[in-house]
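Q: Just passing along the structure, written as structure tokens.
The values are calculated or read from the model by the stated rules, or taken from the named source; none is laboratory data. Computed from a predicted model, the values in this text were never measured in an experiment. Cβ coordinates were reconstructed from backbone atoms using ideal geometry, including for glycine residues, and neighbour counts include every protein chain displayed. With ligands, DNA and RNA removed, areas are computed over all heavy atoms of the protein, side chains included. Shrake-Rupley method; radii C 1.70, N 1.55, O 1.52, S 1.80 Å.
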Amino acid sequence: MSIRNQERCDAVVIGAGFAGMYALHRLRDDLYMNVVAIERGEDVGGTWYWNRYPGARCDAESIFYSYSFDPALQAGWSWSEKYATQPEILAYASHVADRFDLRRSIRFSTDVTAAHFDENDDMWLVQTSSGSIRTRFLITALGCLSASRIPEIDGLGDFAGQVYHTGRWPHEGVDLTGKRVAMVGTGSSGIQLLPAIAADCAQVTVFQRTPNYSVPARNRKLGPDELTRIRSVYGALWAEARLSPAGQVIAAPTGSALAAGAGARDELDRRWAEGGPGFLAAFTDTMLDERANAVTADYVRDRILETVDDPRTADLLCPKDYPIGAKRICVDTDYYATFNRDNVELVDVATTPIEHITADGIVVGGIEYPTDVIAFATGFDAITGPFDAIDIRGRDGAGLRSAWAEGPRSYLGLAVHGFPNMFTITGPGSPSVLSNMMASIEQHVDWIAGYLTFLSALGVTTSEAARTAQDAWVQEVDEIAAATLYVKGKSWYLGANVPGKPRVFMPYAGGVGVYRRQCDLVAAKGYPGFTHSVASHAHHAGDAARTGTTPNDAAAVPAGA
């Protein structure tokens with residue numbers, strides 16, 4: 001196909017999860033841009049389209065894990081539970097797509113294989129499984145947890161039974177009744193999966209490499225009277241959530257754990273009874289001081305030991321070698337209690353790794369554990385994995401994989417030096433997975449929409465993060481993380497779950513509110529930290545002349561400015 005005959009548009013959005021849907025709506029319906037969204041699934045929903053394993057639900061409260069941009073949308077949807085299940089969240093995504101007529105602009109069942117920036121006409125050439133598109137702006141809405149991974153285990157191909165991954169669970173469901181199931185992995189997905197399947201299975205053997213801290217969800221139904229009260233204060237709740245550390249309203253810390261002394265346990269008792277991830281926010285110093293962290297970690301270990309009947313199993317379930325919160329805090333319903341069932345067994349593969357898989361089961365320490373089904377709950381190549389799956393090339397043909405070979409680098413988690421007109425929703429260097437994703441998605445998309453409006457008013461052809469601004473931002477992200485206990489755990493935040501992946505703390509740990517203020521300040525100052533180009537003859541080969549259009553192009557806005 002010739003360049004002249006290729007499909008053209010103003011923006012391509014990769015992904016039709018909650019980030020992609022909102023980006024499509026804002027750019028198409030508010031900025032009147034010609035937008036095409038590309039989605040590999042057959043419908044909207046992103047992570048909630050793929051993660052259909054039993055027990056899958058959100059660990060952020062449903063009233064905050066929803067869009068806030070349209071009061072009528074909020075008023076027209078009723079969540080049934082405090083923590084919504086995957087089917088309900090997927091139904092909500094479909095409702096949003098219907099309400100804003102989004103599907104007409106989405107190419108479903110389509111993979112993006114490559115995106116190359118063409119300097120001859122300052123356009124991106126996006127290659128998909130169904131053709132190519134030339135676009136001015138490339139917006140990635142890939143999802144931070146969308147590149148599922150099954151570890152390489154000798155003999156897996158010889159297994160005669162069924163193999164599934166929680167992140168690619170069959171849409172028609174899986175009948176596990178009377179089956180012997182091997183569950184590999186005890187992160188968030190495994191912690192949700194196990195209680196949901198244990199009663200139906202003949203046997204569940206859980207293969208655990210690293211125990212995780214998990215707190216009870218205390219999930220419950222939301223009645224109509226409660227929903228009415230919530231709707232009456234939605235505006236105030238979201239105003240607070242947008243400036244909060246985690247993008248949702250939770251009880252504020254009561255002070256220092258170390259200063260609280262014996263009273264710390266009373267506060268933890270209260271939060272444990274209330275349930276939810278707000279448990280970790282009981283004190284101001286939990287993620288800053290190892291002694292303070294131990295107060296909360298010891299409390300959770302005590303709860304595990306008192307819940308699980310078998311002392312050896314209880315001990316194995318207690319995390320011991322990393323601070324609570326250094327790995328993503330999990331939220332569960334009866335996870336630890338499920339190990340009291342006669343048909344549930346825990347196998348430690350930290351000290352004695354899985355040797356190999358046979359046709360009939362998994363071998364550990366010379367013992368074969370017979371199984372009919374292997375369910376891998378082994379997580380994702382987080383944050384950067386979805387980018388690695390696409391051949392993205394910027395100026396001079398430089399690849400994003402190469403640019404991020406030693407760890408991801410970005411400015412504000414939104415733009416990457418050397419990749420003009422590319423914007424990354426909840427990209428590395430933003431709060432992303434440390435926040436309620438919906439709050440971060442809306443903030444990023446709104447910021448991008450504002451910036452594109454600014455560029456249009458100036459007649460700018462291309463925008464790109466300046467190297468000095470990017471370097472300063474990466475340094476700030478690193479310094480903030482280094483001052484916390486987040487870096488003390490071998491977590492997927494650091495890429496530690498993927499062999500060979502650089503150990504770099506990828507999210508911005510300064511909090512949603514602090515981050516939002518930084519982004520707002522960049523906008524208010526005329527977007528310093530970006531370089532702009534203006535084509536002397538719009539989109540003619542060789543006519544682009546790089547010229548700065550704002551003062552202090554290369555200057556990042558420092559923290560607290």
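Q: Going 7 Å from the Cα of Leu31 toward and past its Cβ, which residues in region 441-462 have a backbone nitrogen under 11 Å from where you end up?
A: 445-457
Q: May I ask which residue of His171, Ala217, Gln192 lies farthest towards the positive end of the charge dipole of region 110-243, with charges of +1 (Lys, Arg) and -1 (Asp, Glu) on Cβ and the Cα centre as origin?
A: Going by the charge dipole, the pick is Ala217.
Q: Right, another one. Using a 1.4 angstrom probe with every protein chain in place, what is the largest-first accessible-area order of Tyr515, Tyr486?
A: Putting Tyr515, Tyr486 in descending order of accessible area: Tyr486, Tyr515.
Q: Under the rule of -39500 (n - 2.57) per DSSP H run of 4 or more residues, summed and divided by the residues of the chain, what mean residue ellipticity at 222 nm is obtained, to the nearest 500 deg cm²/dmol?
A: Dividing the helical sum by the residues of the chain leaves -8500 deg cm²/dmol.
Q: How far apart, in nanometres, would the label points at Glu152 and Ala524 be if each is projected 7 angstrom from Cα along the Cα-to-Cβ direction?
A: Here the modelled spin labels are 5.1 nm apart.
Q: Leaving out ligands and nucleic acids, and using a 1.4 Å probe, what accessible area per residue does the chain come to in Å²? Could you put the intermediate results ahead of the total?
A: Values: 22100 Å² over 561 residues.
Accessible area per residue, the chain: 39 Å².
Q: What is the calculated FRET efficiency for Ala273 to Asp391, with r their C-beta to C-beta distance and R₀ = 51 Å, to the nearest 0.05?
A: So, using R0 = 51 Å, E works out to roughly 0.50.
Q: From the protein chains alone at 1.4 Å, what is the descending order of accessible area for Thr47, Thr177, largest first?
A: Working: Thr47 55, Thr177 90 Å².
Highest to lowest solvent-accessible surface, that is Thr177, Thr47.
Q: Can you find, among Gly427, Val445, Ser66, the residue sitting farthest towards the positive end of the charge dipole of the chain, where Lys and Arg contribute +1 and Asp and Glu -1 at Cβ?
A: Val445
Q: To continue, here is another question. Say R0 is 51 Å: what FRET efficiency, to the nearest 0.05, do Ala239 and Arg503 get from their beta-carbon distance?
A: Working from the Cβ atoms, E equals 0.85.
Q: Something else now. Along its principal axes, what span do the Cα atoms of region 11-69 show, with the longest given first and each in whole Å?
A: 39, 26, 11
Q: Now, a different point. Would you list which lysines come within 23 Å of Lys488, measuring only between C-alpha atoms, while excluding same-chain residues fewer than 8 positions from it?
A: The qualifying lysines are Lys320, Lys327, Lys501.
Q: Taking the convex hull of the alpha carbon atoms in the chain, what volume per residue do you get, in Å³?
A: 151 Å³
Q: Could you please state how large a percent of the accessible area of the chain is carbon and sulfur, counting protein chains only and using a 1.4 Å probe?
A: C and S fraction of accessible area: 51 percent.
Q: Can I ask one more? Tell me the label-point distance for the pair Gln475, Thr351, using the 7 Å Cα-to-Cβ offset, in nm and rounded to one decimal.
A: Label-label distance for Gln475 and Thr351, simple model: 4.6 nm.
Q: Here's a follow-up. Out of residues 5 or more away from Ala182 or on other chains, whose amide H comes under 5 Å of its own, with H placed 1.01 Å from N in the peptide plane?
A: Thr205, Asp372, Val373, Ile374, Ala375
Q: I've got another one for you. Report the calculated FRET efficiency for Arg265 and Asp342 (r = Cβ-Cβ distance, R0 = 30 Å), to the nearest 0.05.
A: 0.35
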